[in-house]
Every structure is written in structure tokens, then in C-alpha cells.
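*Asks:* Pasting in a structure now, in C-alpha cells, and then I'll have a few things to ask.
Please treat every number below as a calculation from the coordinates, not as lab data. Small disclaimer: the values here were computed from a predicted structure and weren't measured. Reconstructed Cβ throughout: ideal geometry from the backbone, glycine too, with neighbour counts over all protein chains shown.
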Amino acid sequence: MNRERTVLATNRAARHLYHILERLEAGLELVGTEVKAIRAGRVNLKEGHVRFERGEAFLVGCHVSPYEHSGYAGHDPLRPRRLLMHKRQILRLAGKVQEKGLTVVPLAIFVDGNWIKVELGLVRGKQLHDKRETLRRRTLDREAEQAMKEGR
């Protein structure tokens, strides 16, 4: 099963704002113009998160720009999109979200074969000192790599 996996959009802010505890992937229920717009890369995951209602999971706050050549049959850019996951996965995630400080956010949207899927992350928010530590560590790693490259 060697399927092509092309990343269409990533949520870079999520890696800065949250500690990623767990990753999983889910399908998306989309309309035709959304599929074409997402394949064209016209999607923004920055404000997106997952909401659980009546045993279903929905991706909300994710902006999919209208497809230019759609004519009259466009779509609402901010509509909630149902996530296609097993019931057991949804119930397990919903239970974890009930814990203090945990949420589920989209990390990336990608094409897996012919299917458009979203990579979700179960995350806990970082505090300011955690964000500063991450930046400091990244700078030190970059400087060390540069020094190794120069041969010091």
C-alpha cells in the first residue's frame, strides 16, 4: 500500500502555541467546490479546532476560500465540516477533551491517494515561558549546526 501523500496546508501556529500529545488522521466530509479549493491550496487552518456534538466530530474555524470557477454553486468558507472517524476514536477524543486544558486542532491537510484527509493533534496549550524555551532551543540548535558546518 504505497499511496502518494501530498501535504496541501499546515498549521505552523499550532506547533508554536501547543504541546502536541498525540497525532491521528481523519477524513473530511466536503462538497465539490471545497475539494477543488483545497487541492488548489486555498485553505487556512490557523483558527481551526474540533468540536464534539451528539457523538460526531466537526472541524470548525477552518477557512476554505471559495473556488473561483464555481459559478452559482459555491460553499460557505467557514462552515463546520464533519470529520470521518470511527465512533470509538471520537468518544475517546471527546473524553480526553473533557480533561482540563486539552483540545484537538488540525495540524495539516493532505491528499492520501485520492482522499483529502486532515492530521489532527490532541494538544495542551503552552505557557509563555514554554514558548520562549522552544525559541531559545531552536536558536541554539541552529547555531550549533552552523558551527559544525563551518568546522570549528
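*Asks:* If each DSSP helix of 4+ residues adds -39,500 (n - 2.57) and the sum is divided by the residues in the chain, what number results at 222 nm, nearest 500 deg cm²/dmol?
*Replies:* -10000 deg cm²/dmol
*Asks:* From Cα pairs below 8 angstrom and at least 6 apart in sequence, can you work out the relative contact order of the chain, rounded to a whole percent?
*Replies:* Computed over the chain, the figure is 32 percent.
*Asks:* How long are the semi-axes of the ellipsoid equivalent to the stretch 1-57, from square roots of 5 times the Cα gyration tensor eigenvalues, in whole Å, largest first?
*Replies:* Here the semi-axes work out to 20, 17, 15 Å.
*Asks:* Excluding same-chain residues fewer than 8 positions from residue 126, which lysines have a Cα within less than 19 Å of its Cα?
*Replies:* Once the sequence-local lysines are set aside, what remains near residue 126 is 46, 96, 100.
*Asks:* Could you pull the Cα extents of the stretch 90-152 along its three principal axes, largest to smallest, in whole Å?
*Replies:* 53, 37, 14
*Asks:* A further question follows. Pop the C-beta distance of residue 23 and residue 60 into the FRET formula with R0 = 30 Å and round what comes out to the nearest 0.05.
*Replies:* It comes out at approximately 0.95.
*Asks:* Quick check: the distance between the Cα centres of the stretch 108-150 and the stretch 25-74, to the nearest angstrom?
*Replies:* 24 Å
*Asks:* Quick one: which of 37-48, 11-22, 127-138 comes out on top by average Cβ neighbours within 10 Å, and what's the full order, highest first?
*Replies:* 37-48, 11-22, 127-138
*Asks:* Still on this structure: In µm²/s, what is D for the stretch 35-147 at 4 °C and 1.567 mPa s, where D = kT/(6 pi eta Rh) by Stokes-Einstein and Rh is the Kirkwood radius from Cα pairs?
*Replies:* Approximately 78 µm²/s, per Stokes-Einstein.
*Asks:* For residue 135 and residue 36, what does the FRET efficiency come to when R0 = 35 Å and r is the distance between their Cβ atoms, rounded to the nearest 0.05?
*Replies:* Using R0 = 35 Å, I get an efficiency of 0.40.
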